[in-house]
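The values are calculated or read from the model by the stated rules, or taken from the named source; none is laboratory data. None of the values given here were measured: they were computed from a predicted structure. We place every Cβ from the backbone using ideal geometry, glycine too, and count neighbours over all the protein chains shown. Heavy atoms of the whole protein, side chains included, go into the accessibility calculation; ligands, DNA and RNA do not. Shrake-Rupley method; radii C 1.70, N 1.55, O 1.52, S 1.80 Å.
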Amino acid sequence: MTYTIKKKGTDQAVVANASVADNFILRLLGLMFRESIDPDEGLIFYNAPSIHMFCMRFPIDVVFLDKNHKIIKISHSLKPWR
């Protein structure tokens, strides 16, 4: 199942195709071993205070939210293999 993440108060899609990593295997694999990700694609992790970039082949932007879905941190262009 995929979701659309929209800018608050608008119908503007920030991410048109977001999937949820809702089990151990999906959280472990994340985006590892993929060649790329589409600009309108995303992956949602719940209760993930940190992420790893092992076996990643491309940089990603990460948005961390609190339990009320308020942005608490944005990390731009995280480098692979870090």
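Here are a few things to note about the model shown:
- Considering residues of segment 14-29 that are open to solvent by 50 Å² or more (accessible area, probe 1.4 Å) and not in a helix (DSSP H, G or I) only, the residue farthest from E41 (Cα to Cα): N23
- Tabulated pairs, segment 52-68, first on the phi > 0 side of the Ramachandran plot, second loosely packed, with under 15 Cβ neighbours inside 10 Å, C-beta under 6 angstrom, 6+ apart or interchain: C55/M32; C55/F33
- Looking only at segment 39-70, residues that are touching a helix residue (DSSP H, G or I) at 6+ places or on another chain (Cβ under 8 Å) and modelled with pLDDT of 90 or more come to 1 in all.
- Within segment 3-13, the residues that satisfy the criterion of being open to solvent by 80 Å² or more (accessible area, probe 1.4 Å) and of a type outside the set (D, E, K, R) are Y3, G9, Q12.
- When residues of segment 30-82 are limited to those that are closer than 22 Å to T4 by Cα, among the basic types (K, R) and in a loop (DSSP other than H, G, I, E, B), the one most open to solvent (accessible area, probe 1.4 Å): K67
- Enumeration of residues in segment 30-52 that are aliphatic (A, V, I, L, M), under 18 Å from K79 (Cα atoms) and touching a strand residue (DSSP E or B) at 6+ places or on another chain (Cβ under 9 Å): L31, I37, L43, I51
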